[in-house]
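The values are calculated or read from the model by the stated rules, or taken from the named source; none is laboratory data. Not measured: the values here are computed from a predicted model. Note that we place each Cβ from the backbone using ideal geometry, even for glycine, and neighbour counts take in every protein chain shown. Quick note on the areas: whole protein, heavy atoms, side chains included, nothing else; ligands and nucleic acids left out. Shrake-Rupley method; radii C 1.70, N 1.55, O 1.52, S 1.80 Å.
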Amino acid sequence: MEHDPLISELRAAGVTFRLVGDALTLEADSPPPSSLVEKIQAHKGALLEWLRGKATGALDHGQPIPPEWADDFGERAGVLEFEQGLSRADAERVARELVLKLAEGRR
């Protein structure tokens, strides 16, 4: 789904999305067009599945994120991508390194 047209359309419309717990959260400076809202509603399950896979590392070939750190990983990756301007892949790589170091330090 990384290259899915819906993901591209959301990003182009300035809509940020992430997984918070089990919920899909969306943020935008202005309301997205109703046609985009309808697409989000129609594909919410796929968006959630994609985000869950990203947050748990299931779509990554690196060391998996411990489940108890999945929310922290997703939040860090989102901040790095949307507030620091990193590509999604780079944001996830950095977030993975940070979270794995934190998790290792707490064992």
Residue in segment 59-73 that is open to solvent by 80 Å² or more (accessible area, probe 1.4 Å) and closer than 24 Å to PRO5 by Cβ present: yes
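Residue-by-condition table, conditions (1) part of a helix (DSSP H, G or I); (2) of a type in the set (A, V, I, L, M); (3) at positive phi; (4) at pLDDT 85 or above:
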| residue | (1), (2), (3), (4) |
| --- | --- |
| SER8 | yes, no, no, no |
| ARG18 | no, no, no, no |
| VAL37 | yes, yes, no, yes |
| LEU102 | yes, yes, no, yes |
Out of PRO64, PRO31, sole residue that is on the phi < 0 side of the Ramachandran plot, in a loop (DSSP other than H, G, I, E, B) and at pLDDT 85 or above: PRO31
